[in-house]
Each structure stands twice: as structure tokens, then as C-alpha cells.
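The values are calculated or read from the model by the stated rules, or taken from the named source; none is laboratory data. Given the structure is predicted, the values throughout are model-derived calculations rather than measurements. Here the Cβ is made from the backbone with ideal geometry for all residues, glycine too, and neighbour counts use every protein chain on show. The area values use the complete protein model at the heavy-atom level, side chains included, leaving out ligands, DNA and RNA. Shrake-Rupley method; radii C 1.70, N 1.55, O 1.52, S 1.80 Å.
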Amino acid sequence: MRTVMAKADVGDDVYREDPTVNRLESLAAEMLAKEDAIFAPSGTQTNLLALLTHCERGDEYIVGQYAHTYRYEGGGAAVLGSIQPQPLDFEEDGTLDLSKVSQLIKPDDIHFARTRLLCLENTQAGMALPLAYLRAAAAFCRDHQIKAHLDGARIFNAAAKGNVSVADIACHFESVSVCLSKGLGAPAGSLLCAGKDQIRRARRWRKVLGGGMRQAGILAAGGIYALENNVDRLAEDHANAALLAAGLGRIEELTVHSTGTQTNMVFIQAGNVGEEELPSFLAQRAIMVLGGKTIRLVTHMDVSEPDIRLVIASFEEFFSGKRASQTDTADSQARG
Ligand SMILES: *Cc1c(COP(=O)(O)O)cnc(C)c1O
């Protein structure tokens, strides 16, 4: 990837003259079976481009309470677009219950913001949304005359899990945001894929947001490499996550949340352990996990199967150490 990036043909992408960016945008549009695509520095920006092109000031989008497009993007839609979010809880399987969504769609009345858009996320917390649900959501949006956007930061993981093409998922949405810098392993960049007219409007907004990059072909070359070489191997990450979930599941102090639709993420809870205790123990072994009450573990292309076995062994070491110290305490209390 670094070699093709170093050798990339470049031009000024603000004038649409960078051949490598143009090639990446066509490739992504073709893979997702959309008319056009636009390359941007981050997924936060491609999601924002979608919101700004679907909604205007005083409009509203319906979104999951823990969705990236609501909770983790600095409130960009409100800050920069005067667009109001209407969040609701995700269901256990990462979907939004359409009957609950229908309750939230506002009637045409001056008291209310205008509901314009439903925003879904796939994968959501590592779960691939069922295709039947996506089909139902698309029909729901048509019936209610609202648009649908997919935060498909990890859409390639969802496609690999469901054994379908990304186009089979993307066809249920007007627009889809795709990250090159997550499981696909490029250093930076995301794409918004949608109809020609929406992408034309997104180009203006990208400029406004300061996301117009000049010789961006160097980054785009990494993205093309990722799409051509790093998609088929995602199943390995999923197998590694399953191995990790099974291994951690054998440790009695751990609760492992795993579902049949999980991809490259494992979520665990560790009973009576301090929130930072386990992450800092693991960090000493160069294992980085996102701490908190629930710990998120993500497998990716730089983590091999032997690495996973080492991670499991490190968890076992941590808990057997804890058990030993508890036994010592109990013994000394008994003696005392
Ligand atoms: C990572 C991610 C994004 C985009 O994040 P950036 O860091 O801005 O590229 C959006 N949605 C989801 C679900 C993500 O995981």
C-alpha cells in the first residue's frame, strides 16, 4: 500500500484533476452501485456531507441514540447545519424499530421540525443488520416520504458477514458513507456514495467544511489498494473475533456479549474489576483495548490468530493472578 501511495499519479482534486482520486471515486461508486462518490478526509465528514445534503436548516433526522452520526460526531449536524437530531434507542440487534420510528416522524405542522431522513448504521456495534430489515426500512422510508442514509463505515464487514455484495446493502439507501481507514486498513479517508445530484451538492459542502484536498491522490491510492486487496480478507478478522469470544467466554469472571451477527468486535464485561485495571494490565503486554464498564475489542488486519491466542492467554493470566491474590487474602483472614 505504501509503495502504490508513493507512486500515485496526482493532480489538483479541488479542480477534479487528480486522476487517482477520480479513479477511487468511480471504483467506490461502481462497487456500491451508486451513480457517484466523493472522497473526504474522514467518515465524520462524509456522514456530515450526507446530512447537509439531505436536510436543510430546521429539518430533522432520526438516528440511534448510540449512533456515530448522533453521539460521536461533535453534534456537527446541529452545529453546522442547524439540523435537529431525533435519537432513539437501538434494538438489541442494532436495528431501529420501525414502529417506534414511525411514532417519531413529525406531522407537517409549524410546531415541529421537518422529519427528512432516517439514519442507520451497519455494522452497528459490530453487528450486521439483517437484509430483510434493510428492505423493510427502505419500504418504510418510501411510504413515509423520507430519505435513508447509511453510516456504512464498516459496510464491508457487514457484507462479508452476510455473504452478500456491498451493493446488496447500499441499494436500500439514497446515500452510504464508507470508511477506508477502519477494517480496510488505509491510513485515512472515507467516501460518500450517492446519486449524481447529491454528490454535486456534497462537493460544495466539502469545500465549505474545509475538506477539499489538493494532491489527495496519494491518499486515494491507499484507498484503491484497500478496496482491491483488503476486502476478501475481512472474514479472517471475523474468525479471529469468534476465536477471541470463545476463548474469553471460558473465563468465568467475564461476560462476553456475542451474537450470531457479530463481525470483528467483541464486547466484554469484567465483574468486580476496576475499569482501568484490566486495560492497563493488557497495555503492559502491548494489547490496547477501549476501557470502561464494557470493554470493546476489535480485530483487524494487523492482528493475527497467534496474537489472538496471546490476548486470551493474557486475560487468563490477569484473572488467575486475581484469584491467587484473593485466595491469599482469604487464607490470611482465616489464619487471623
Ligand atoms: C469510525 C466510524 C465513523 C467515522 O469516523 P472517522 O474517524 O471520522 O473516520 C463513522 N461511523 C462509524 C460507525 C465508525 O465506526
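Annotations for the structure displayed:
- DSSP beta bridges fully contained in the chain are about 55 percent antiparallel.
- Extending 7 Å from Cα along the Cβ direction at T294 and again at Q103 yields two label points whose distance is 2.1 nm.
- Gain on full stretching of the segment that runs from S325 to D232 - 0.36 nm per residue minus C-alpha separation: 29.0 nm
- Total lysine pairs in the chain at Cα distances under 20 Å, for residues eight or more apart or on different chains: 8.
- Residues of the range 156-172 with amide N under 19 Å of the 7 Å Cα→Cβ point at E30: 156, 165-171
- Protection proxy ranking of 230-237, 1-8, by the mean of other Cβ atoms within 10 Å over each peptide's residues and highest first, is 230-237, 1-8.
- Diffusion constant of the chain at 20 °C, which comes from Stokes-Einstein with the Kirkwood Cα-pair radius and 1.002 mPa s, µm²/s: 100
- Acute angle (nearest 10 degrees) that the helix 217-229 long axis makes with the longest principal axis of the chain, alpha-carbon atoms: 60
- Helix 305-335 and the longest principal axis of the Cα set of the chain meet at an angle near 40°.
- Shape category assigned to the range 248-291 from the gyration tensor of Cα positions, a/c cut at 1.5: oblate
- Taking 0.36 nm per residue of separation and subtracting the current Cα-Cα distance, fully stretching the chain between R250 and F112 would add 44.5 nm.
- V14-V79 FRET efficiency (beta carbon distance; Förster radius 30 Å; 0.05 resolution): 0.80
- Solvent-accessible area per residue in the chain equals 48 Å², computed with a 1.4 angstrom probe and all protein chains kept.
- Potential lengthening between V4 and N163 on full extension [0.36 nm per residue; Cα-Cα distance subtracted]: 54.3 nm
- Working note: 222 nm ellipticity from helices only, DSSP H runs with n ≥ 4, each -39,500 (n - 2.57), summed and divided by the residues of the chain, gives -14000 deg cm²/dmol to the nearest 500.
- Per-residue packing, averaged as other Cβ atoms within 10 Å, sorts the ranges 62-73, 206-217, 129-140 into the order 62-73, 206-217, 129-140, beginning with the highest.
- C-alpha long axis of helix 19-32 to longest principal axis of the chain, angle in °: 80
- DSSP beta bridges fully contained in the range 93-251 are about 35 percent antiparallel.
- The modelled label-to-label distance for the pair A188/R142, using points 7 Å beyond Cα in the direction of Cβ, is 4.1 nm.
- Pairwise inverse Cα distances across the range 189-247, averaged and inverted, put the Kirkwood hydrodynamic radius at 14.4 Å.
- Just checking the listed ones, R23, R201, R142: in the Gaussian network model of the chain with Cα springs under 10 Å, the one fluctuating most is R142.
- Based on Cα atoms of the range 63-196, Rg over Rh with Rh as the Kirkwood radius reads 0.95.
- Sites A132 and S332 - FRET efficiency at Förster radius 45 Å, r taken between beta-carbons, to 0.05: 0.15
- When each of the peptides 189-197, 313-321, 281-289 is scored by the mean number of other C-beta atoms lying within 10 Å of its residues, the order from highest to lowest reads 189-197, 313-321, 281-289.
- Evaluated on the range 234-330, the Kirkwood hydrodynamic radius is 13.7 Å, with distances taken between all distinct Cα atoms.
- The mean sequence separation of alpha-carbon pairs under 8 Å and at least six residues apart, normalised by the residue count of the chain, gives a relative contact order of 20 percent.
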